[in-house]
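Accompanying notes for the structure given below.
The values are calculated or read from the model by the stated rules, or taken from the named source; none is laboratory data. Since we're looking at a predicted model, the values are computed, not measured. Note that each Cβ is placed from the backbone with ideal geometry, even for glycine, and that neighbours are counted across all protein chains shown.
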Amino acid sequence: MRTELVSEPGDPGRPNEDFAAVALPASGQGGAVVVLDGVTPPRGGTGCLHSVPWYTARLGGALTELTVSLPDVPLTEVLARAITRTAAAHEQTCDLSHPRTPQATVVVARWDAETVAYLVLSDSALLLRSPDGAVTAVLDDRLSRLPAASLATDAIVDATVRNKEGGFFTAAADPAVAARAVTGAVPRGRVRALAALTDGAARWVDRFGEGGWDDCLRFVRKEGAQALVDRVRELERADARERPRRGKAHDDATVVYVELP
């Protein structure tokens, strides 16, 4: 089995808010990939004493452990349990009802001899490559389908569309959000490789138009995960020079690539 994991902060002076793990059980049967993208809060506080990296580390750690240790439990239930466990770690000190409480996007893929199961929540991406080279992109596109006016400011996003019906959903403190994730399963024989990308790495496709999702996975397979992140950084620098006010110039970028045996 070949695995690659690259994760870089968008700003070297700030902590990386992404989380990534590849888990291979001691039994030697199957494995899992977990990728989280912490949501950077706007100014004005979160109601929480803890940082976004604190949250993603704890949710990601719980999610990785439970995904592997509970192989027969559906991924939606695994995510719900991980959210509950993480909330319990700071519910006595923090206001978890605050709309900006630390939160994250989620990608999970878990495989055994028979099946590859997956879960995607919010705008990170999972790519599945079949033996014939065809690539399927598993996406939760609710955020991209919102009217641009709804995303005019971070305050509006928090107030009207985040974790609300008709908007989009992220993992925060409510385990019920797990039921909102995009989930599914495919036969193990139909998946030769997979890649999980946070939106900072997925910019290669959906912001800079370097190619489609199949091109993206082909690039990672041939050039490596680090090469994809390096190319995104080049494109971000060029974009910042041409359009200096176009949102976040650099974002945390994570790529996990796995070739299954």
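Are any of the residues in segment 96-107 modelled with pLDDT under 95, in contact with a Phe, Trp or Tyr (Cβ under 9 Å, 6 or more places away or on another chain) and on the phi > 0 side of the Ramachandran plot?
no
Kindly indicate whether R221 is of a type in the set (D, E, K, R), touching a Phe, Trp or Tyr at 6+ places or on another chain (Cβ under 9 Å), assigned to a helix (DSSP H, G or I) and under 20 Å from V107 (Cβ atoms).
Values: of a type in the set (D, E, K, R): yes; touching a Phe, Trp or Tyr at 6+ places or on another chain (Cβ under 9 Å): yes; assigned to a helix (DSSP H, G or I): yes; under 20 Å from V107 (Cβ atoms): yes.
Answer is yes for this residue.
Within the set of pairs 6+ apart or on separate chains, which have a first residue in segment 208-221 that is closer than 13 Å to A193 by Cα and touching a residue at least 12 places away in the same chain (Cβ under 8 Å), a second that is surrounded by 15 or more Cβ atoms within 10 Å (Cβ to Cβ) and among the basic types (K, R), and C-beta atoms under 7 Å apart?
Matching pairs, first to second residue: L217/R129.
Can you pull out every residue in segment 9-30 that is in a strand (DSSP E or B) and crowded, with 21+ Cβ neighbours inside 10 Å?
D18, F19, A20
Residues to consider are T67, T56; find the one that is under 20 Å from G184 (Cα atoms), surrounded by 15 or more Cβ atoms within 10 Å (Cβ to Cβ), touching a Leu at 6+ places or on another chain (Cβ under 8 Å) and among the hydroxyl-bearing types (S, T, Y).
It is T67.
Enumerate the pairs (first residue in segment 57-71 and within 13 Å of V22 (Cβ to Cβ); second residue anywhere and among the hydroxyl-bearing types (S, T, Y) and surrounded by fewer than 22 Cβ atoms within 10 Å (Cβ to Cβ)) with beta-carbon separation below 9 Å, excluding pairs fewer than 6 apart on the same chain, so at least 6 apart or on different chains.
none
Collect the residues in segment 160-200 that are modelled with pLDDT of 95 or more and of a type in the set (K, R), keeping them in residue-number order.
Of everything in segment 160-200, those that are modelled with pLDDT of 95 or more and of a type in the set (K, R) turn out to be R180, R188, R190, R192.
Determine whether A149 is out of contact with any Leu (no Cβ under 9 Å at 6 or more places or on another chain), in a helix (DSSP H, G or I), over 19 Å from A185 (Cβ atoms) and modelled with pLDDT under 95.
When the stated conditions are applied, A149 passes them.
With the structure loaded, tell me whether R237 is surrounded by fewer than 15 Cβ atoms within 10 Å (Cβ to Cβ), among the charged types (D, E, K, R), modelled with pLDDT under 95 and outside any helix (DSSP H, G or I) or whether it fails that test.
no
Restricting attention to segment 162-178, which residues are of a type outside the set (D, E, K, R) and more than 15 Å from A62 (Cα to Cα)?
Those that are of a type outside the set (D, E, K, R) and more than 15 Å from A62 (Cα to Cα): N163, G166, G167, F168, F169, T170, A176, V177.
For a quick check of your reading of the model, give me the residue pairs whose first member lies in segment 166-181 and is under 23 Å from W54 (Cα atoms), whose second is aromatic (F, W, Y) and part of a loop (DSSP other than H, G, I, E, B), with beta-carbon atoms closer than 7 Å and at least 6 apart or on different chains.
Pairs that qualify, where the first residue is under 23 Å from W54 (Cα atoms) and the partner is aromatic (F, W, Y) and part of a loop (DSSP other than H, G, I, E, B), are V177/F169.
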